[in-house]
1. Does G127 satisfy the condition of being closer than 24 Å to G31 by Cβ and within 15 Å of the chain's Cα centre (by Cα)?
2. Any residue that is of a type outside the set (A, V, I, L, M, F, W, C), touching an Asp or Glu at 6+ places or on another chain (Cβ under 7 Å) and either over 13 Å from F8 (Cβ atoms) or surrounded by fewer than 17 Cβ atoms within 10 Å (Cβ to Cβ) (or both) - is there at least one of those in the range 66-77?
3. Being more than 11 Å from the chain's Cα centre (by Cα) and either surrounded by fewer than 15 Cβ atoms within 10 Å (Cβ to Cβ) or closer than 23 Å to T95 by Cβ (or both) narrows it down to one of L14, L28, L20, L49, so name that one.
4. When you look at L20, is it over 25 Å from T143 (Cβ atoms) and of a type in the set (A, V, I, L, M, F, W, C), yes or no?
5. Having 3 or more residues that are among the hydroxyl-bearing types (S, T, Y) and without any contact (Cβ under 8 Å) to a residue 12 or more places away in the chain is the bar; report the strands (runs of 3 or more DSSP E) wholly within the range 62-169 that clear it.
6. Suppose we keep only residues that are assigned to a strand (DSSP E or B) and small (G, A, S) within the range 1-52. Which one would you say is farthest from A104 (Cα to Cα)?
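The numbers here are math on the coordinates, done by the rules we state, and not lab data. Predicted model only: the values in this text are computed from it and were never measured. Neighbour counts run over all protein chains shown; Cβ positions are idealised from the backbone, glycine included.
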Amino acid sequence: MHVINVDFKRLSDLAVPDLLGELGVYVLWDGLAKARPTYIGEGNILRRLVDHDDRFARPLDGFVSILSSPYVPWQRAKAAGTIVEAMLLRVAKHTDRAPSVNVAPGQLRALDNIFRQHGTVRINVSGMDPLRPPEESPRIKGTKRIVLHELSNGGIEVDHEWGKRRVRH
C-alpha cells in the first residue's frame, strides 16, 4: 500500500516564507463561499496563489498542505499533489461540496505506476478539514482517510470518511 500523508493548515495562519518554493495542495474559500470551497488546486503554492489573484472575491482564506521537503524529491511531491487534488475533488463532488470554480476533475496519471507497484493508495488527511469553511476552524479528530483501489476494468474505486454536507438554512 502506498501512503500519502497530508496535514492541512489554515492559509491565514501561515507566513509567506513558510510557503516559498513549496509544493503542495490547497483549498481556497473566497469571500462569497458559504458551504463549498471555491477552488481546489496543487502545485507550487505561492506561484499558484499569485496565478489565481484576480479570480476570487476578497477576503480569501483556505487550507494548505505542504508535500515537499528536503527529503522528498520534487517529482514525488508533485505526483502526490496531483493525486490528492483529484481525490479531494472527487470527495467534494460526492459529498455535495464541489468547488464553484474548478472545471477539470484532476489528473490521475501518477496513479498508474503506484498501482503497478502497490495496488492500493491511502491518503491520510489530518489537521484542518479543508472541505469545511475556514471560519468554523474545522479540526479533524485524528485522521480522515481516502483509499483508492484499482478495479479490473481499469477504473478506480474510492472510499472515504467524509459524510454528506449538512444543508444550512
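1. So G127 fits the description; yes.
2. yes
3. L20
4. Judged against the criteria, L20 is a match.
5. In the range 62-169, there are no strands (runs of 3 or more DSSP E) which contain 3 or more residues that are among the hydroxyl-bearing types (S, T, Y) and without any contact (Cβ under 8 Å) to a residue 12 or more places away in the chain.
6. So, considering only residues that are assigned to a strand (DSSP E or B) and small (G, A, S), the one farthest from A104 (Cα to Cα) is G24.
Residue-wise test of (1) farther than 15 Å from Y26 by Cβ; (2) out of contact with any helix residue (DSSP H, G or I) (no Cβ under 8 Å at 6 or more places or on another chain).
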position	(1), (2)
L67	no, no
P70	yes, yes
R76	yes, yes
L111	yes, no
G119	yes, yes
L151	yes, yes
